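The values are calculated or read from the model by the stated rules, or taken from the named source; none is laboratory data. Computed from a predicted model, the values in this text were never measured in an experiment. Here the Cβ is made from the backbone with ideal geometry for all residues, glycine too, and neighbour counts use every protein chain on show.
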Amino acid sequence: MSTTNTFSSSSTGGDECVLTPVHDALIDFRSTVRDKTRAKDKSGVLAECDTFRDDALPPMGIRFEDKMGGGGKSVWKLADAKELMKERGGGEEEGGVELFDAGVIYEEIDSRGGGE
């Protein structure tokens with residue numbers, strides 16, 4: 001996965017609040033992929049990757065784009081969670097999913113000198 005934004009290694013305490021939903025989604029994703037891999041469910045692993053991209057990341061304001069060719073590396077971008085949910089056909093309050101403001105993440109990156 002290619003990233004254009006990075007967080008510094010020093011912790012100011014605000015990281016946890018910003019990154020907790022991302023970490024939780026990654027932990028759930030990893031657990032499901034491990035279970036499906038152990039069951040030799042290749043199509044299930046691929047489906048879980050799509051679910052993570054399409055369902056877990058948009059409410060957090062993260063767009064994950066799969067790139068074809070050139071090594072097929074994916075990229076991520078911060079975006080407005082409400083817009084991402086609309087794009088995927090869901091509303092702002094679909095299934096009681098909490099939406100996150102990507103602006104908060106941008107502010108955190110900029111405060112550390114990692115913004116563009």
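Restricting G61, G69 to those that are of a type in the set (G, A, S) and in contact (Cβ under 8 Å) with a residue 40 or more places away in the chain reduces the list to G61. Filtering C17, C49 for residues that are assigned to a helix (DSSP H, G or I), modelled with pLDDT under 85 and not aliphatic (A, V, I, L, M) leaves a single hit, C17. Close contacts from segment 15-30, counting a first residue that is within 11 Å of M60 (Cα to Cα) and of a type outside the set (A, V, I, L, M, F, W, C) and a second that is outside any helix (DSSP H, G or I) and at pLDDT below 90, with Cβ to Cβ under 8 Å and a gap of 6+ residues or different chains, come to P21/E98; P21/F100.
A search for C-beta distances below 6 Å between a residue of segment 45-57 that is among the β-branched types (V, I, T) and any residue that is surrounded by 14 or more Cβ atoms within 10 Å (Cβ to Cβ), counting only pairs 6+ apart in sequence or on different chains, returns V45/V33; V45/K36.
Scanning for something surrounded by 15 or more Cβ atoms within 10 Å (Cβ to Cβ), touching a strand residue (DSSP E or B) at 6+ places or on another chain (Cβ under 7 Å) and at pLDDT 90 or above, does segment 20-42 turn up at least one residue? No: segment 20-42 contains no residue that is surrounded by 15 or more Cβ atoms within 10 Å (Cβ to Cβ), touching a strand residue (DSSP E or B) at 6+ places or on another chain (Cβ under 7 Å) and at pLDDT 90 or above. Has segment 33-46 got at least one residue that is among the acidic types (D, E), farther than 21 Å from R88 by Cβ, part of a helix (DSSP H, G or I) and out of contact with any Ser or Thr (no Cβ under 8 Å at 6 or more places or on another chain)? The answer is yes, given that some residue of segment 33-46 is among the acidic types (D, E), farther than 21 Å from R88 by Cβ, part of a helix (DSSP H, G or I) and out of contact with any Ser or Thr (no Cβ under 8 Å at 6 or more places or on another chain).
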